[in-house]
1. Which one is nearest to the chain's Cα centre (by Cα) among residues in the range 20-35 that are hydroxyl-bearing (Ser, Thr, Tyr) and open to solvent by less than 60 Å² (accessible area, probe 1.4 Å)?
2. So how many residues does the range 40-73 have that are more than 18 Å from residue 122 (Cα to Cα) and either in contact with a Lys or Arg (Cβ under 6 Å, 6 or more places away or on another chain) or assigned to a loop (DSSP other than H, G, I, E, B) (or both)?
3. Conditions: (1) closer than 15 Å to residue 121 by Cβ; (2) of a type outside the set (D, E, K, R); (3) without any contact (Cβ under 8 Å) to a residue 60 or more places away in the chain. Residue 37 meets all but one. Number of the miss?
4. Being more than 11 Å from residue 17 (Cα to Cα), without any contact (Cβ under 8 Å) to a residue 40 or more places away in the chain and more than 14 Å from the chain's Cα centre (by Cα) is true for just one of 54, 95. Which residue is that?
5. How many of the residues making up the range 72-131 are among the polar types (S, T, N, Q), buried (at least 20 other Cβ atoms within 10 Å of the Cβ) and closer than 14 Å to residue 48 by Cα?
Amino acid sequence: MAVEIAAGTQVTKTFTAGEDLSAKQYYLVKLSSGNVVACTAATDIPVGVVQNKPKSGQAAEVVMLGGTKVVSSANLAAGVQFGTTTTGKIVALTPGTDTTKYVVGTLITAAGADGVIGTAVVNCINPHRAS
């Protein structure tokens, strides 16, 4: 079954890309000196998911809250709660185990393997630790 996210169901913000994100569409990004860059640590606090393919210094459209596509790091089932990998892909988090990592979303459609795009809802405005 296809999942569609209705227009107007997102909170987005335009940031300046602090690095080349042209190969990072639908990856989790974080703030760095007021700009966005790809997440680089599993404990980063993502600010959202980049929607376009900006080069350094260009406008980066970022979904902070709502429905979006995301790039998976592994075979993940629908319903899994996720955070970021060291490359900005999503990874499943286990509450009570991954207590230093931030849950920023729930996968709506399964992503069958590393690099596969899935559909998710994210809340990067108010992330919480997986405790």
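1. Here the residue is 27.
2. The qualifying residues number 8.
3. It fails just one condition, (1).
4. Answer to the selection: 95.
5. Residues meeting the conditions: 2.
The values are calculated or read from the model by the stated rules, or taken from the named source; none is laboratory data. All figures in this text were calculated on a predicted structure; none of them were measured in a lab. Please note: Cβ atoms are built from the backbone with ideal geometry, for glycine as well, and neighbour counts cover all protein chains shown. All accessible areas refer to the heavy atoms of the entire protein, side chains included, with ligands and DNA or RNA removed. Shrake-Rupley method; radii C 1.70, N 1.55, O 1.52, S 1.80 Å.
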